[in-house]
Amino acid sequence: MKIKIILLIFFTYYSSVYSQDQGVSFITEVSKKKLGVNENVRVDFKMNKDGDNFEAPSFDGFRVVGGPNQSVSNMWINGKRTFSKTYSYFITPIKKGSYSIGQAKIEIDSKIYKTIPVKITVSESVNINKDPNDASYVANENLHLVAEISNIKPYLNQGFSVVYKLYFSPQINVTNVGEIESPEFNNFWSNNIKIPRLQIERGSFKGESYNYVIWKKIVLYPQKSGKLNILPLSLDVSVDVPTNKRDFFGNRIYTQLPKTVTAGKREINVSDLPENAPENFSGAVGEFEVELTSTKTELNASESLQATLKVTGKGNLKLFSLPNLEVPSSLEKYDPEYKENVKTNIAGMSGNIANTYTLVPQFKGKYPISPVEFVYFNPKSKSYETIFSKEILINVLEGPSSYSQNNIDLKSSNSITNEISNSKNEFKFIKTKPGLTLLKKSNFIYSMTFYLLLLFPVALIILVLLFFKSKKHSLSEIKDYKSRRANNLAKKYLLESKISLEKKDVFYIALEKALHNFLKSKFLIETSEFNKDKITRLLSEKNIKKESIELFINLIENCEFARFTPASDVAVNNDYKNAVKVISEIDKQI
């Protein structure tokens, strides 16, 4: 009897442990196993018990365009608890082929669980069903990335602009935008024009009213003739698409999905310059003026003057060399100092470049500096044009005369007479009797005044050092105070943003203030310096992870977008969670 009871207890305990272990479910679910290269797939990692230390697979062959998004469901039905936790990713294939979603890992009750790999087949691009109720179709039809090119048939070294505009219909909302593939401008000299703040503007796309954002501006100067390609730019965009569902108050419910938009490859036909180029042509293309100036026109020998050769105008100012300045042999010329004052905007380069020469005359006389010839190609007239600077006359007032002696027969000459100037002041002799007088003995040496004057510099140095040390200490206290105050403000505004989750405009204002004060507490960055380029550089210098920097910049862009376009509840909650996450990550890394 006892043996049966022991066996029953053992069996009951073993069954409970076995059923508990078997009760843990951790699986991978995908929205589709066969898709086109232009489609996205959603990957969910689901578990029925809460776990820690989740590790996602590497997603080889795919690019993550959304996520991870975390959702938790906890329900009680007829007294029985049902729990579910999901990590969701949106991924897009890089190219067609057969791929496998690897194993994800999670720790539940001190045990490691892994998912089973899932195979996915990627085929050629597919046509998306024209279903107005399909969110993916609505996003594709209302979201476009366009590359606008100012001139598709430029001359060699003639500048033109490329402006990338992201068009989106008023029917949808755009939240997160990130660049995933930047074009490489091979065979072009390129200059990226910074856009300090994204602004939503109204425009027209294919005859319909659209909102658009200028994402990138680039000025290009082709360095090779013939057909050249501008490779495409690709962006990851989170799109809020309206559904047919409405909430309790009658407001339309939005669903968020990630999309990849691409500006297609563009071809530029670059014309070569005409063959009848003048001999002095150095590659200048545009419209220019040449000027030669000097700081002096009258001076004495061995004094110096500066002569400046300047070219002003619009064109490829940084891509050609200035002509050389020819001067008479009696003027000693030194290597020039190059200066440029060139600005690049959407119309191209404009400003001036200059060479400044230092000239030193050796002899008395008048020396003309001949006009400088400058040759350039004008795309408007489609011809080479030659211009000249004005002539400058340098008048050397005093100095030795330049002379030459010709036809001197050295064999018949008995002597050569050198002219020696006679002057009574030419030589000065040392006096043998200087007439020195003996000074009277002074009582100043070793007196109290002597020692006080001797110690005065030492005391002054000590006082200066103490003053700067106290000033440095006070500045340090002020910086610490500003840092603590900014940190407290960041916490305050982050708390305000949490309270204002339902008021989207108030939420994003508070969130932007929280991000700014967090940066101010760590780097003492002021509001006037609050731009994405400087933030990226500062965080990179502190060795902050690239993922954290990108997430921080995305949050700033979301705050900018929220001023012009409404955001969904999903986007607001995601932005708040990401803000808490990225502030914590950056603070730990610093």
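Below, the figures for the structure above:
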item	result
In the range 183-216, the residues that are within 30 Å of Leu319 (Cβ to Cβ) and surrounded by 13 or more Cβ atoms within 10 Å (Cβ to Cβ)	Pro183, Phe185, Asn187, Phe188, Trp189, Ser190, Asn191, Ile193, Ile195, Ile214, Trp215, Lys216
Considering residues of the range 180-211 that are in a strand (DSSP E or B) and free of Cβ contacts under 8 Å to residues at least 24 places away in the same chain only, the residue nearest to the chain's Cα centre (by Cα)	Glu201
Restricting the range 107-156 to residues that are farther than 18 Å from Thr92 by Cα and of a type in the set (Gly, Ala, Ser), the residue that is surrounded by the fewest Cβ atoms within 10 Å (Cβ to Cβ)	Ser110
Out of Gly435, Gly351, Gly399, sole residue that is at pLDDT below 85 and under 30 Å from Lys310 (Cβ atoms)	Gly399
Test: residue in the range 568-575 that is surrounded by fewer than 20 Cβ atoms within 10 Å (Cβ to Cβ), at pLDDT 75 or above and over 27 Å from Pro68 (Cβ atoms)	no
Enumeration of residues in the range 223-251 that are under 20 Å from Pro132 (Cα atoms) and in contact with a Ser or Thr (Cβ under 7 Å, 6 or more places away or on another chain)	Ser238, Asp240, Val241, Thr243
Residue that is in contact (Cβ under 8 Å) with a residue 40 or more places away in the chain and touching a strand residue (DSSP E or B) at 6+ places or on another chain (Cβ under 7 Å), where the choices are Leu231, Leu145	Leu145
Conditions (1) of a type outside the set (Ser, Thr, Tyr); (2) surrounded by fewer than 11 Cβ atoms within 10 Å (Cβ to Cβ); (3) more than 32 Å from the chain's Cα centre (by Cα): number failed by Ala104	(2)
Search result, residues across the range 364-402 that are part of a loop (DSSP other than H, G, I, E, B) and surrounded by 16 or more Cβ atoms within 10 Å (Cβ to Cβ)	Lys364, Val372, Pro379, Ser389, Gly399
Where a residue in the range 237-261 is under 17 Å from Asn573 (Cβ atoms) and of a type in the set (D, E, K, R) and its partner, wherever it lies, is surrounded by 13 or more Cβ atoms within 10 Å (Cβ to Cβ) and at pLDDT below 80, with Cβ under 8 Å and at least six apart	Asp240/Ala567; Asp240/Ser568; Asp240/Val570; Asp240/Ala571
Counted residues, the range 76-87 - those being in contact with a strand residue (DSSP E or B) (Cβ under 8 Å, 6 or more places away or on another chain) and surrounded by fewer than 17 Cβ atoms within 10 Å (Cβ to Cβ)	6
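The values are calculated or read from the model by the stated rules, or taken from the named source; none is laboratory data. Remember, it's a predicted structure, so these values are computed and weren't measured experimentally. Backbone-built Cβ (ideal geometry, glycine too); neighbour counts: all protein chains shown.
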